[in-house]
Amino acid sequence: MMHHLISHLTSRRDGLRAEESKMSKNIDPAELVREIRIRLGLTQEKLAAKLGVTLPTINRWENGRAKPSPLAIQSLRSLVSEMGDEGEDLMERFFSESGQQP
């Protein structure tokens with residue numbers, strides 16, 4: 001039983017690391033968070049609630065004082081994906097293999 005749990009947690013961790021690596025290495029997470037929030041017309045407080053994090057967390061991400069965790073990156077990616085055409089350029093810029101900043 002314990003071995004199964006450890007295996008599951010290790011697999012989950014590896015999946016989150018893979019998600020993190022999908023985010024282009026040369027981008028600024030602060031720019032992504034700010035751009036998502038602005039395009040959705042949300043306050044930092046409302047984006048925090050949507051992502052299940054605190055207002056200070058969103059503020060730190062946007063101001064570059066902290067970076068989103070792999071799990072948060074996964075949530076941000078899902079949010080961008082849900083934006084459809086409105087988020088297509090963000091998906092390309094921040095989550096594609098070639099993601100290049102303009």
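Quick note: the coordinates plus some simple rules give every number you see, no bench work behind them. In this text the structure is predicted, and so the values were computed from the model without any measurement. With ideal geometry, Cβ positions are generated from the backbone for all residues, glycine too; neighbour counts draw on all protein chains shown.
Below 8 Å between Cα atoms, with a sequence gap of 6+, how large is the relative contact order for segment 42-101 in percent?
Details: 35 pairs, mean separation 10.2, N = 60.
Relative contact order for segment 42-101 comes out at 17 percent.
Set the Förster distance to 25 Å, then compute FRET efficiency between E82 and E45 from the Cβ-Cβ distance, nearest 0.05. Don't skip to the answer; put the middle values down first.
Numbers: r = 20 Å, r/R0 = 0.78.
Here the calculated transfer efficiency is 0.80.
Once the other residues with Cβ under 13 Å from the Cβ of E45 are scored (Lys, Arg +1; Asp, Glu -1), what is the net sum?
On the way: positive: R37, K46, K50; negative: E62.
That works out to +2.
Whole-Hz Karplus ³J(HN,Hα) for segment 37-46, in order, using 6.51 cos²θ - 1.76 cosθ + 1.60 and θ = phi - 60°, x for Gly and Pro?
Karplus values, whole Hz, x for Gly and Pro: 4, 5, 5, 7, x, 10, 7, 4, 4, 5.
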